[in-house]
Every structure is written in structure tokens, then in C-alpha cells.
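**Student:** Below is the structure I would like to discuss, written out as C-alpha cells.
We did not get these values from a lab; they are worked out from the coordinates using the rules stated. This is a predicted model, so every value here is computed, not measured. Neighbour counts run over all protein chains shown; Cβ positions are idealised from the backbone, glycine included.
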Amino acid sequence: MQATEHELCGVLERHFGYRSFREGQLPIISRVLSGQNVLGILSTGGGKSITYQLPALVLPGLTLVVSPLISLMIDQVQQLRRKGFRHATYLNSALTLPEIRQVLDEIDAGRYKLLYISPEKLQQPQIIRLLKRRGVSLVAVDEAHCISQWGHDFRTDYLRLPEIIAELGSPPLLAVTATATQAVQEEISHLFHIRTKNIIILSINRPNIAYDLIEVESDKEKREHLMDQLQSLRGPGIVYCSTRQSVDSLVEACHAAGLTRTHTYHGGMNAMERMLVQEQFMQGQLDVIIATNAFGMGIDKGDIRYVLHYHVPASIEAYTQEIGRIGRDGQPGYACLYVQPDDQLIHHRLIQNEFPTDEELRYFVEVLSGIHKGIDILTHQQIQAWVGVGETVARMLFFYAERAGLLQDVVMNRDGYQFRYIDGQEKAALPLMRTHLERTKQTKYAKLQDMQAWLTKKDCLRKTLTAYFGEAEGESEAKPKADLYCCCYCGLDQSVYMAQESDDESRDLPSWDLEAALRMLFPKR
Amino acid sequence: MIQWQAREHLFLHTIILDGLRPLQGERTTNSLFHILRGRRANQTYQDVHMYKLHHYYRMFPAFSRERWDAIVKNLVEQNFVQIVPFRHNANKWTFSITPLGEKAWEEGRGQFALDQWKPRLNGISYAQPVRLFWMRLHLMAQTISHLLYQELAFSPIVQDKGVQQWVKQQLSMPGHRDQWMNQLFDELFSIVNKWEPFLQELFILQLSGARQAGLTVNQLAYRLDQPPSLIGVYMQAALTDMYRQLTESGERDHQHPYPLLASMCTDHAPAQSSGGRLSQSANATYRMIQQGLTPEEIVSLRRLKLSTVEDHLVEMALYCPQWDMSGYITEEQLQRVAAVSQELGTGRLRLIKDALGDGYSYLQIRLALARQGGGKTYAGNRT
Ligand SMILES: [Zn+2]
């Protein structure tokens, strides 16, 4: 399918309201439309989603967007519907069984052009059959780095994607990600059969963001410093922490210090509260969100002025993604990372919890071989009770068991797992699983070390960051350009990012008036 | 801030002591945890009825196990609660509330006006429908607000697809959209206007519209200077009142005073012959029993364990007053079990069975206790 640049610009303006394409979008879209497999590396906020949403409008069949992020799917579908594009929907584990059935019926009836789907839903045979029947024109794999075992965010359910895409009749494929090192790019291209000339990389450098590092000795010192910054920086902003407890306690400290327009955001809050906090932030009712990395995906807010990292993130990729939310409006923004020696330990603990112990691995294999006769179902409760692991670890165990040939046809649903046990494989499978798990774990530790190494370089943060993603190589050590100030090593003027003389909005609340409050919600027609 | 946290602790201690009081010497502290979380299990339903803890059922559905354990530990450390062996079986453990605990309870009871809001709550009957009512109201208010501001694009705060469907359906019926846009203000104003101002504030500020996103419980707690859990309880009480007012006035009058709000209370449970209170699996058993199958036949047909089917029978005794249990227990036996339970002042099966002597199965005792408890609340709800 061929469309001229002029025609594509017309579609862009009509449906998305933009006059022109951003850098990189057009070469990706035109290659995709001419039927080639493409890898696009665009920084967060660089307009990734247009690269598959626009083709979805133009192509005759269905466009699939594979994404591991449920909140992002819901958000994008809502944003599209707001723009009047009603032919988009999603399939993921957040839906109930009747809801899934309804969506499947509607897909069958040809109601949709764009389907967001989670990787585990795309594993289900009846869904694959349906999609095949309906005809898929394009598969877009979002967060494509998740397929790489060298990536910071390897997801087991991504590995089977190439196979599934072949089953769907090998439609054109678009892999997109915000961050990928050279090694990860190569792995993605290899697995999805993408030719080198179809790898489109946009510079990771964000000239309007200045980078700062603050080294502290103790938690107390860090907290004091953070409170100072929050008092003086111009918002809105985000503070990222590695644990829920620190999120909660920092927000308490903020409230005690009179910073009341601050709220927590983490996975421990219920769905409605998270929506409320997000909406308040979007509408300007809140100045600061203190959050775990659960916050930010799919947040389309251009005027975020700063992101502070209270703990060092688990990888340079994660860090880049999180600070990528600053200043999408092009105005100056400030990224600051607090460095405390102990932070590494938090990540070590998190990684420990994420993987099964060797004992759990052995229990798991024993349970499978012990009960398999006549039973090919394990509920989540049984797994918890017999193997002693939670759902995340269980998912990992089942994946590696299948990869090691111990199980086949593993399907996860709301209640548990369904599978076929292959007799006589236990002996060989156990060491294989052990090796695979160990390798994945080591990758995570390596990412942590990369982060640590970056922090100890004591060289221009912008230059070393882009070098990490392989950009500066061969470019004669040229330093990437910064708009205003570069980083704490090259020079930084903090005052640029400070709020003007605090326009302290009067803190006393007006006395309660029911009629006025209700009229605010429901104005007279 | 510190004080605010201290009051949150104090409030939770008070509630938990209050909930534990009827259970002491009879159950473990865990029973209350399950009640507060609203566990859907026969044992929990029976505890609720036996010890009259309807108001606490599903009061804190998101309460974590860690938090619960920490609070119980704290109550024990403060010597408010003691872990003690059962009277009749020294190998099993229950708990008792110490005089010190009683004193703490008395104080908290007054401070947090327990007696004022407790009778207004009835989680076992209302927690679920009230939650659905609230989600519908929340989404409808947000939608109508955007319509009135003529901003047609927004992110729905309520993600539940069923609720979204319901709102869509309401607004797509001819003439309905105008009715909602014109009258929602009036209905809300007239029903909420009768409340105390602080409840009004609590209620209205949680709603989202085109010019404001609703506040979270923590924000309200801060603003109203109350413990967050107490804020949740006030809200639950206010919503339950509202829900009852809406559903009850509908039956008496022909012209409902709040037709729009009342329409949010309809078709909550799927229409089922059992009244919709049974679990899905128990409902299937119920239908088979009605068709004349025996429990044993159901066991082999549905590949269930006999104990599971018996659990279903107990559930039916609780929730289906119309079910004729005479095939399982005679009226005379029923009275006897009730009398013995009353006399011993206990709901513990083992003790009742010992007192009754031979000739009574555990199933019979459970059926009798369930029917007794269920019957009482059934009558209670209708007053
Ligand atoms: Zn620099």
C-alpha cells in the first residue's frame, strides 16, 4: 500500500490534529505501509503511538498493538475515543469473562480497526483463530525491548510473539520502544526479522532537560534535601521512589510541611483512587505526585517541570523513560537523581523477591510430577499453598517449565493454570530451568551495575547517557546539545527551575456551601 | 499529622475491640478479619449472623493481612486482648478482652460515636448494592457534568465496564439525557441538603466533574481532620442511608420523590430464584435440590465433595427462607438446637453437639443455626 506524504499529512491533521509529523514518524509510517518490518526507537513523548495508530486508520484489516501495560491500553483507547475514533478497543486480564466474550464478538463482527492486546491474551488459541479469520494488517509491538533477554524489562510472554505473528500469516510488523541499547536493538531485529535499513533511531537526547545528581550520606539528609527542593522547585513535578513505604512516608512529611497539594500513587491504592489522583494531576489540582514506577505510563501531560528520583532506578533504561516525561511542551525541565550507597540494596531485595529460590523451583517441579496424573489444572491457591510462591513467581515458573519442555499448552486464566505435562522430562528440565532463571536474574544485576557505573563516571551526564545507548559512537566524541544548561558537571543554574516568589494561595478553605459546590459540578443550562 | 495518625490507630482499635467482644471465647481473632474484609464463605456468613456483626461485614474490603496482624499484635502488647485456650479444649486457642481492653473500648466508643453510626450500617445486606450504586452515581455525575460544560471528551473515573454500560444505556434512551441533565442537581440537592454539612462536604467533594476531580479518602481525612478509616465509615453510613431511603420510598409511593437516583438502585443482583444472595455454585445446588435431587446425586453429578454440597445447604438455610428443610431436620430438632445454643450462649458446633447428645449431625446443627440467624436478620431488614 502506498500513500503520498501529502495524503498522510491529511490523515494526521484530520484525525490527530497535528499539522506535521514529528521527527522519525514519517519514515516509520511509510515503511510500515509499504509492508516492511520496522524497528522504531523514539524517546518517551516522541509520539510513538501515532506510528501505529495512523496506519490502523489507513490499512484495510485489523491493527494489533501488543502491550504489556494495561493502564496504557485503557488510556490510549480512551484518548482515541475522545478524538472521535470509535473503532479501537482492548483485550486484557482486566476484563471479565463476559466482557471478553463481548469484545471477541464485536471483533468478529468487524467493529474494530485497532485492537490493543496483552501478550498473554494473544497466546490463546481461540483468539489467534479469530484474528486469523478476521485478517490482521499490521502487528505493532509496543515496549519491544521486553522481548530481549538482555533488556531491563524482559517479559517471558513476549518470547512467543514471533511464532504467533507467523501463525497470523506474517503481516507487517512494527516494533517500537523508547529505549534500547545496541545489543537489544540487534536482538529485536533478529527475532522479528527486521532489516538494518528499517531500524529508525531518534536521538535519545532531550535538549530541554537538565540533569542533576545529589549525593547524600543518610536517609535523613536525603529527606531534608528533598523537602527543600519540593518547597522551592516550580511544579508540576513527580518524585519516584522504589518502595510504597517511602512513597507513603514522604507524602506524610510533605503534608506536615504544609505541601498539601501532594499525593501518593502506587499499586497499593485501588483503581478508582489512582484514577482520581491522575485526574487531579492532569487538571492542576495537585502539584506533586510521589509515586512508584507504577505512575506515568500513558500520562499525557506536557508541562511536567521536574522529575526527582529519591532512589536510584533499577536501570538506565528505566531512568531515561521516567525522566522522559519532563517538559514535553519543549520548555526547560529539571531531572535530579539522589544517590545514596544503600539504594543498591533495595534493588537486590526486589530482584530476590521476584525470582523463585532454588528450593521453590524444586518444589514446583515435584508438585507437577507428583500430581500430574489425571490433573492438568493448578489453581493460584494451590500453587500458593503447595509451592509457596505468589502469582508473579508462579508465572515465571510456568514459562520456564514450558520452555524446558516439561509442560506444553500452558494457559493462564483467572483461576489458575491449565497445561499438559510431558512425562519423563523432569530430570532434564530442572537444570535447564535453573540455568535460564539464573541468566535472566544476572541480566537484572548487570543492569543495576550499568546504572552504578554511569553514576560513578563523574563526566557530563548527557554525553554518558546517550553514549550508553550507542549514539555517540563514531560521532567524534561530540557532546549532544543542551538548550539551556546541561548537567551538574557542565554547569547548572538551579534558580531557573525555582518557582517565582511563592504565590501562596490562601490556605483557608471557604466555608461549605452545598448549592455552590453542586453548581460547580452541574452548572445551569 | 502525628496526632492524626494516632487517631487513626485509636479508631481502628475501637472498631476491632467492638467487633471482637461478641467473639471472645468462641472464635479466633481471624473471624473478625474475614468479616471486615467481607469474605464470601459460609463460616463468615454464619459468624456474622450468630454474633450479630452485620454492620461490620465488608467494612474494610481492602484491609491487608499485614496491617491486621500488626493491629492484633499491638492490642495484645497493650494488654487489651489476651490469647487464651478454649474452655473445653485446651489445645485450641481463642482470646478474651481484658478489663483494660474493655476500658479502652468504652472510651473509643464514646469518642467515635459508635452507637450513632453502627445501627445505620448493614454490610451483609447492603455493602455490595451500595458500592454499585456509588459507582453508578459517580460516573453519571462525571458524565452529566461534562455534558453540562459541553466537554464531551473525558476519562471515566469508574473503569468498571458494567457501570459504564449502564450509564451509556441510561443516556441513550429517548428523553433521558435531558432529564438527567435537568434534574440530577435538584435530586442531589434535596436529598443531601438534609444531612449535616460535614457529611455533605464528604459526599460532594468525592464526585468528579468537568472542573474538578474528586478527592481521595486521604485528602478528605486531611481536610476534615478525621481518621481516614472513620471517613470511609461515615461515607458508607451516609450512602447506606441514602440507598435505603431511595429503595424504600419507592415501594410506598407511586410518584417517587427521587426517580433518577432511585433508578441507580435497580437490578443490582441478577434475578435468581434464591434472591441473588447465594454464591453461583450454591445456586446451582439450590436449583438441583428444588428439582428433587439428593445431595449424594448432586455430588456425583457435579463432581463435588459432599462437604461442599453441605456448605451449599447451609448457605440456602441462611438466604432462602422459603426453602423447606424438613427433609434434613425436623421442626422439633430445630427448636432444640436453638434452645441449646441459647442456653450455652455459644455458636460453637462442638459444644452444642456434645450438649445435644446423639441423634444430631453437624449438618443438622449448622442448618438450624443458619436458619435461626438468617430468619432473624430477614425480619430485621424489613422493619
Ligand atoms: Zn553535561
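**Student:** Mind pulling up the Rg/Rh value for the range A:5-201? Radius of gyration and Kirkwood radius, both on Cα. Each step should come with its number before you reach the end.
**Tutor:** Numbers: Rg = 15.7 Å, Rh = 16.8 Å.
Expressed as Rg/Rh, it is 0.93.
**Student:** OK, next. Looking at this model, which pairs from A:Lys197/A:Lys457; B:Lys52/B:Lys168; B:Lys73/B:Lys194; A:Lys222/A:Lys444; A:Lys222/A:Lys301 are more than 30 angstrom apart at the alpha-carbon? List each step's numbers first, then the result.
**Tutor:** Values: A:Lys197/A:Lys457 33 Å; B:Lys52/B:Lys168 40 Å; B:Lys73/B:Lys194 42 Å; A:Lys222/A:Lys444 26 Å; A:Lys222/A:Lys301 28 Å.
Correct reply: A:Lys197/A:Lys457; B:Lys52/B:Lys168; B:Lys73/B:Lys194.
**Student:** Turning to a different aspect of this structure: Using only helices, what value at 222 nm comes out for chain B when you add -39,500 (n - 2.57) per DSSP H run of length 4 or more and divide by the total residues, to the nearest 500 deg cm²/dmol?
**Tutor:** Details: 19 runs with 242 residues, N = 383.
For chain B, the value works out to -20000 deg cm²/dmol.
**Student:** Need the C-alpha centroid separation for the range B:215-230 versus the range A:6-65, integer Å.
**Tutor:** Answer, in whole Å: 45.
**Student:** What residue among A:Ala183, A:Val38, A:Thr196 has its Cα farthest toward the positive end of the dipole of the range A:5-201, where the charges are +1 on Lys, Arg and -1 on Asp, Glu, each on the Cβ?
**Tutor:** The Cα lying farthest towards the positive end belongs to A:Val38.
**Student:** In addition: Can you find, among A:Gly327, A:Leu213, A:Tyr306, the residue farthest towards the positive end of the dipole of chain A? Put +1 on the C-beta of Lys and Arg, -1 on that of Asp and Glu.
**Tutor:** Final value for the positive-end residue is A:Gly327.
**Student:** Follow-up question, since we're still on this one. Once the Cβ-Cβ distance between A:Ile201 and A:Ile351 is put in as r, and R0 is 30 Å, what FRET efficiency do you end up with, to the nearest 0.05? List each step's numbers first, then the result.
**Tutor:** Numbers: r = 29 Å, r/R0 = 0.98.
Computed FRET efficiency for A:Ile201 and A:Ile351 comes out at 0.55.
**Student:** Using the basic label-point model (7 angstrom from Cα toward the beta carbon), what is the B:Leu344 to A:Ile128 distance in nanometres?
**Tutor:** Label-label distance for B:Leu344 and A:Ile128, simple model: 5.9 nm.
**Student:** Quick one: which residues, 5+ away or cross-chain, put their amide H under 5 Å from the amide H of A:Arg234? H built at 1.01 Å from N.
**Tutor:** For A:Arg234, whose amide H was placed from the backbone, the distant partners under 5 Å are A:Met498, A:Ala499.
**Student:** If you put +1 on each Lys and Arg Cβ and -1 on each Asp and Glu Cβ, how big is the dipole of chain A around its Cα centre, in Debye rounded to 20?
**Tutor:** 1740 debye
**Student:** For A:Leu337, what residues show an amide H to amide H distance below 5 Å, using hydrogens built from the backbone and excluding near sequence neighbours?
**Tutor:** A:Asp212, A:Leu213, A:Ile214, A:His309
**Student:** Okay, moving on. Measure nothing fancy, just the Cα-based angle from helix B:228-252's long axis to the longest principal axis of chain B, in degrees from 0 to 90, nearest 10.
**Tutor:** With rounding to tens, the tilt is 90 degrees.
**Student:** Restricting to DSSP loop positions (anything but H, G, I, E, B) with no more than 10 other Cβ atoms inside 10 Å of their own Cβ, which GluC sites (Glu not before Pro) remain in the range A:1-103? Walk me through the intermediate numbers first.
**Tutor:** On the way: sites: A:Glu5, A:Glu7, A:Glu13, A:Glu23, A:Glu99; in loops: A:Glu23.
Nothing satisfies the criteria.
**Student:** Taking a spot 7 Å from the Cα of B:Lys161 along the direction of its beta carbon, which residues of the range A:93-133 have an amide N less than 13 Å from it?
**Tutor:** A:93-108, A:116-118
**Student:** Can you figure out the FRET efficiency of A:Ala257 with A:Val496, using R₀ = 35 Å and their beta-carbon distance, to the nearest 0.05? Write out the running numbers ahead of the final one.
**Tutor:** Working: r = 23 Å, r/R0 = 0.67.
The calculated FRET efficiency here is 0.90.
**Student:** Within a Cβ distance under 10 Å of A:Gly40, other residues only, what is the Lys/Arg minus Asp/Glu net charge?
**Tutor:** On the way: positive: A:Arg31, A:Lys48; negative: none.
Net charge in that neighbourhood comes out at +2.
**Student:** What are the ³J(HN,Hα) couplings of the range A:265-275, residue after residue, when phi is run through the Karplus curve with 6.51, -1.76, 1.60 and θ = phi - 60°? Round to Hz, x for glycine and proline.
**Tutor:** My calculation for the range A:265-275 gives 8, 7, x, x, 8, 6, 4, 5, 5, 5, 4 Hz in order.
**Student:** Pull up the cross-link candidates among the lysines for B:Lys161, meaning alpha carbon to alpha carbon under 25 Å and not fewer than 8 places away within one chain.
**Tutor:** Within the straight-line cut-off, B:Lys161 pairs with A:Lys83, A:Lys113, A:Lys121.
**Student:** Would you please give the residues with an amide H less than 5 Å from that of B:Thr94, counting only those at least 5 places away or on a separate chain, with H modeled from the backbone geometry?
**Tutor:** Close amide H contacts, sequence-distant or interchain: B:Val84, B:Phe86.
**Student:** Over 10 Å intervals from 0, what percent of Cα-Cα pairs in the range B:4-120 sits in each interval?
**Tutor:** 13, 46, 36, 5, 0
**Student:** Follow-up question, since we're still on this one. Which whole-angstrom value gives the distance between the alpha carbon centres of the range A:127-187 and the range A:220-257?
**Tutor:** Value for the Cα centre distance between the two parts: 38 Å.
**Student:** Here is a further query. Given the Cα-Cα distance of A:Gln384 and A:Gln182 and 0.36 nm per residue of separation, how much length would full extension add, in nm? Numbers along the way, then the final one.
**Tutor:** Numbers: separation 202, 0.36 × 202 = 72.72 nm, distance 3.92 nm.
So the chain would gain 68.8 nm between A:Gln384 and A:Gln182.
**Student:** Got the relative contact order for chain A handy, in percent, Cα pairs under 8 Å and 6 or more residues apart? Walk me through the numbers before you get to the answer.
**Tutor:** Working: 805 pairs, mean separation 77.3, N = 525.
It rounds to 15 percent for chain A.
**Student:** Which parts of the range B:62-76 would a label at B:Ile83 reach, counting a residue when its backbone N lies under 16 Å from a point 7 Å out along Cα-to-Cβ?
**Tutor:** Within reach of a label on B:Ile83: B:66-76.
**Student:** If you don't mind, there's one more thing I want to ask. Any chance you could check the Cα centroid distance between the range B:285-343 and the range B:165-201 for me, in angstrom?
**Tutor:** 44 Å
**Student:** I would also like to ask the following. Karplus couplings for the range B:77-83 from phi (6.51 cos²θ - 1.76 cosθ + 1.60, θ = phi - 60°), rounded to Hz, Gly and Pro as x?
**Tutor:** 4, 7, 6, 8, 10, 10, 8
**Student:** Per 10 Å bin from zero, what fraction in whole % of the C-alpha pairs of the protein assembly as shown is there, up to the bin with the longest pair?
**Tutor:** Computed distribution, short to long bins: 2, 10, 17, 22, 22, 16, 8, 3, 1, 0.
**Student:** Then there's this: Counting DSSP beta bridges in the protein assembly as shown, what percent are antiparallel, to the nearest 5? Walk me through the numbers before you get to the answer.
**Tutor:** Values: 14 of 61 bridges.
In the protein assembly as shown, approximately 25 percent of DSSP beta bridges are antiparallel ones.
**Student:** Between A:Glu221 and B:Gln111, how high is the FRET efficiency from 1/(1 + (r/R0)^6) when r is the Cβ-Cβ distance and R₀ = 45 Å? Nearest 0.05.
**Tutor:** The value I calculate is 0.70.
**Student:** Next up: How big is the charge dipole of the protein assembly as shown about its Cα centre, in debye rounded to the nearest 20, if each Lys and Arg gets +1 on its Cβ and each Asp and Glu gets -1 on its Cβ?
**Tutor:** Details: 96 positive and 100 negative charges, 380 e Å.
Computed about the Cα centre, the dipole is about 1820 debye.
**Student:** Something else: With the cut-off at 1.5 for a/c, could you classify chain A from its C-alpha gyration tensor as rounded, prolate or oblate?
**Tutor:** Numbers: a/c = 1.40, a/b = 1.25, b/c = 1.12.
Rounded is the answer for chain A, as its axis ratio a/c remains below 1.5.
**Student:** Right, another one. Tell me, what ³J(HN,Hα) does each residue in the range B:348-364 have, in order and in whole Hz, if you take phi through Karplus 6.51 cos²θ - 1.76 cosθ + 1.60 with θ = phi - 60° and put x for Gly and Pro?
**Tutor:** Listing the rounded values in order: 7, 4, 4, 5, 5, 5, 4, 6, 6, x, 5, x, 10, 8, 4, 4, 4 Hz.
**Student:** If you don't mind, another one. Please compute, for peptide B:152-159, the average count of beta-carbon atoms on other protein chains lying within 10 Å of each residue's beta-carbon.
**Tutor:** On the way: counts 2, 6, 3, 10, 3, 8, 3, 8.
Other-chain Cβ atoms within 10 Å of each residue's Cβ, averaged: 5.
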